[in-house]
1. Leaving out same-chain residues fewer than 8 places away, which lysines sit with a Cα under 19 Å from that of Lys191?
2. May I ask which residue of Gln157, Asn178, Ile189 lies farthest towards the positive end of the charge dipole of segment 124-196, with charges of +1 (Lys, Arg) and -1 (Asp, Glu) on Cβ and the Cα centre as origin?
3. Please list 3J(HN,Hα) in residue order for segment 112-120, calculated via the Karplus relation 6.51 cos²θ - 1.76 cosθ + 1.60 where θ = phi - 60°; whole Hz, with x for glycine and proline.
4. Using the basic label-point model (7 angstrom from Cα toward the beta carbon), what is the Asn132 to Ser114 distance in nanometres?
5. Grab the Cα-Cα distance for Thr140 and Asp164, subtract it from 0.36 nm times how many residues apart they are, and report the gain in nm with one decimal.
6. What does the charge count near Glu24 come to, summing +1 for each Lys or Arg and -1 for each Asp or Glu among other residues with Cβ under 12 Å from its Cβ?
7. What list do you get for Ser144, Ser39, Ser14 if you sort them by fewest beta carbons within 10 Å?
8. Counting other beta carbons within 10 Å of each residue's own, what order do Leu168, Leu175, Leu149 fall into, fewest first?
Amino acid sequence: MDKRIHLYIDNDLSVPEKQAFERELSENRQLFHDYTKMSGLLKLAEKQYGQTQSPSDITDRILGTIAHRERSYDALRQVLRIAAVLAIVVLTGSGIFTYVHRTANLVKITFNVSLPDAQKVYLLGTFNKWGNVPEQLQKTGNGSFSLTLKLKPGIYQYVYKVNDNEILPDPHAQLYTNDGFGQRNAVLIVKNTRRS
């Protein structure tokens, strides 16, 4: 995900950088898609916990800059998918994490999965550049695998790689997103545990 999205949301861009980012946002479909996902998750966290830092009209301001542009059917379908996922999360009350500022402390997160037929299980995600440094889960008995990582607060996507060939989203995840290839990734939102 483009780092400027976080900088924009945290209001850490200069005025010229902010204007350039908003122009690019209206022209770059992938950047708009990533921003829409992030702002939707922020609005969900704000609704449930009131702990986000984005201005309440941020989405309206961005959408206003691109209102004159015609969106393709694919882009609209992608936005509707994201909205549907967020609506399900809100309706089921399953969103249990919140987004926090990117410079906060590290949080221990334990990944557990039961795969009785698996020999090896790896964790791939945005936190390790999708396996650039593969994280192998340890077998804990009865076909279960576990791994604990220290992650910065933020939003991550991840999957399990089973026996060096099968890709599996976490069956216990609270939230999922389309991976752009017809499959889905699990989404993890790590909240800050440090109290100020």
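Read-outs throughout are calculated quantities, based only on the coordinates presented, and are distinct from any laboratory measurement. In this text, all values refer to a predicted model and were calculated from it rather than measured experimentally. Neighbour counts are summed over all protein chains in view; Cβ atoms, including those assigned to glycine, are modelled from backbone coordinates with ideal geometry.
1. Candidates past the 8-residue exclusion: Lys3, Lys37, Lys43, Lys47, Lys108, Lys150, Lys152.
2. Farthest towards the positive end: Ile189.
3. Couplings: 10, 8, 9, 9, x, 8, 7, 9, 9 Hz.
4. 3.5
5. Numbers: separation 24, 0.36 × 24 = 8.64 nm, distance 1.89 nm.
Here the segment from Thr140 to Asp164 would lengthen by 6.7 nm.
6. On the way: positive: Arg4, Lys18, Arg23, Arg29; negative: Asp2, Glu17, Glu22, Glu27, Asp34.
Net of charged neighbours comes to -1.
7. Values: Ser144 16, Ser39 20, Ser14 9.
Fewest to most other Cβ atoms nearby, the residues stand as Ser14, Ser144, Ser39.
8. Details: Leu168 15, Leu175 21, Leu149 18.
In order of increasing Cβ crowding within 10 Å: Leu168, Leu149, Leu175.
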